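Here's the structure we're looking at; comments come further down.
The values are calculated or read from the model by the stated rules, or taken from the named source; none is laboratory data. Bear in mind the structure is a predicted one, so any value in this text is a computation, not a measurement. Methodologically, a virtual Cβ is constructed for each residue, glycine included, from the backbone with ideal geometry; neighbour enumeration extends over all protein chains shown.
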Amino acid sequence: MKPGPKPKSAAELEASGAFAKNPSRRRSDEEEAPEAEPRKIKKPSFLKGVAGKLWDEHSVNADLRTAFDAESFATWCVLQAEFRKDSAHMQTSRLNIKRAYEERFGLNRPRAVKPIEKQADPAEKYFEDDRPGSRLQ
């Protein structure tokens, strides 16, 4: 019979999120994985002009963790530059892709909205409080 796979270290399990649901699963014989330093993701070299400026402006707020995220975010920058150039003629499919990237990177967070004040019922002036369904019955 073949031996099973080699057990993963606690650092590998921590990186893969194995302890997220149940932190008590951490092994006591190994020390916890050190906090990873935030990596500075470099702007791809093909981003020029408006797309490059969009990267500089929005990359600080986007959740970029890997090189793949950088490529995906660069795609959003190109689509956003295209949208700014000629939004009236941009294909719907490209707009949907742009929106999906915005959701992925948290760029479409809703702004603070004033709560709607409850308006008085205009029918109140025609009825008394003893009508059917009234709260005072």
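The single condition among (1) out of contact with any Leu (no Cβ under 8 Å at 6 or more places or on another chain); (2) among the aromatic types (Phe, Trp, Tyr); (3) modelled with pLDDT of 75 or more that PHE127 does not meet is (3). Each residue in the stretch 78-106 was checked for being within 16 Å of the chain's Cα centre (by Cα) and in contact (Cβ under 8 Å) with a residue 12 or more places away in the chain, and 7 pass.
For the stretch 87-96, state whether one or more residues are surrounded by fewer than 14 Cβ atoms within 10 Å (Cβ to Cβ) and in a loop (DSSP other than H, G, I, E, B).
Filtering the stretch 87-96 for residues surrounded by fewer than 14 Cβ atoms within 10 Å (Cβ to Cβ) gives 87-89, 91-94, 96.
Within this subset, residues satisfying the condition of being in a loop (DSSP other than H, G, I, E, B) are 91.
The answer is yes, given that some residue of the stretch 87-96 is surrounded by fewer than 14 Cβ atoms within 10 Å (Cβ to Cβ) and in a loop (DSSP other than H, G, I, E, B).
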